1. Go through 74-85, 211-222 and give me the packing order, highest mean Cβ count within 10 Å leading.
2. Given a 1.4 Å probe and every protein chain left where it sits, what share in percent of the accessible area of the chain is carbon and sulfur?
3. If I fit a long axis through the Cα atoms of helix 68-95 and take the longest principal axis of the Cα atoms of the chain, what angle between them do I get, 0 to 90°, rounded to 10?
4. Per residue, how much accessible area does the chain show when a 1.4 Å probe rolls over the protein heavy atoms, in square angstrom?
5. Tell me whether region 70-156 comes out rounded, prolate or oblate; compute the Cα gyration tensor, take square roots of the eigenvalues as a ≥ b ≥ c, and use a/c under 1.5 as the rounded threshold.
6. In what order, largest first, do L124, L57 sit by accessible area if the probe radius is 1.4 Å?
7. With an 8 Å cut-off on Cα pairs and a minimum separation of 6 or more residues, tell me the relative contact order of the chain in percent.
8. Expressed in nm to one decimal, what extension gain is obtained for the pair K10 and W102 from 0.36 nm per residue of sequence separation less their Cα-Cα distance?
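The values are calculated or read from the model by the stated rules, or taken from the named source; none is laboratory data. The model shown is predicted, which means the values in this text are computed figures rather than measured ones. Because the Cβ atoms are built from the backbone with ideal geometry, glycine has one as well, and the counts that use them run over all protein chains shown. Protein only, heavy atoms only, side chains kept; ligands, DNA and RNA dropped before computing areas. Shrake-Rupley method; radii C 1.70, N 1.55, O 1.52, S 1.80 Å.
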Amino acid sequence: MVSSNAVGWKRQAIAMLLFGISFGYVEAAVVTYLRPQFDAVRARFYPQSSRDDLFPLLSFQQVKTAGREVDRMVETEVVREVATLFMLGAAAAAASGDFRQWFAFFLIGFGAWDISYYAFLKVLIDWPRSLLAWDILFLIPVPWSGPVLAPVLVSLAMVFAGFVYLWRESTGHPMHLNALHWTGAGAAALLILTAFTWDFHNVMGGGMPNPFHWPLFALGEALAVLTFLHALRARD
């Protein structure tokens, strides 16, 4: 007989997965509406760019020159990103019973949201053209940028880690996360974040992005995987 605990975490995890996928569509729809407006502004400064070009970005000075309406759109986008994180965090809190469960559910929701966002963008506007197309990932605290493949790899790992943690807990053999594991996860996240923001001065200044720092990104991903595998084998 299947225990109620096993049924409970599966139902909650699937609900979080569906929430992330649904919200990914909402995010893609918002970008579908916003992109023509930003494209029109960018065409004033970069008339040779196509609708598929996200770079060079408008510099802060160009945003100010474009007028208060464009400036307000950028401010609204930044606040929307913060609200997105709060929304995912709140949904995870509703499904969880403690911090570690919350973190696992958040990983599932965030990863599903990010992956489905790109999938729905492809359906709605046939973008990205490939997984190596560059995108602006976040604007806070500075612009994150990189090939689409990079955040998709991170998100796949997040969803997998979240499901495995919840599954192990439901079997009565939870993962024992200690200070070493949290330190490893934090260091891995910092390395990946650094890879995404490595070129932010150039990007913010209206330059074309330099080659992505794949070695730094790979180091962060490898550290995250090794930390997770170590946590799987850890005992009290």
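1. Result, highest mean first: 211-222, 74-85.
2. The nonpolar share, carbon plus sulfur, comes to 70 percent.
3. Helix 68-95 sits at roughly 10 degrees to that axis.
4. On a per-residue basis, 53 Å².
5. Details: a/c = 2.10, a/b = 1.34, b/c = 1.57.
It is oblate, given that a/c is not under 1.5 and a/b is not larger than b/c.
6. Most to least solvent-accessible, the answer reads L124, L57.
7. About 25 percent, as a whole number.
8. Length difference between fully extended and current span is 31.7 nm.
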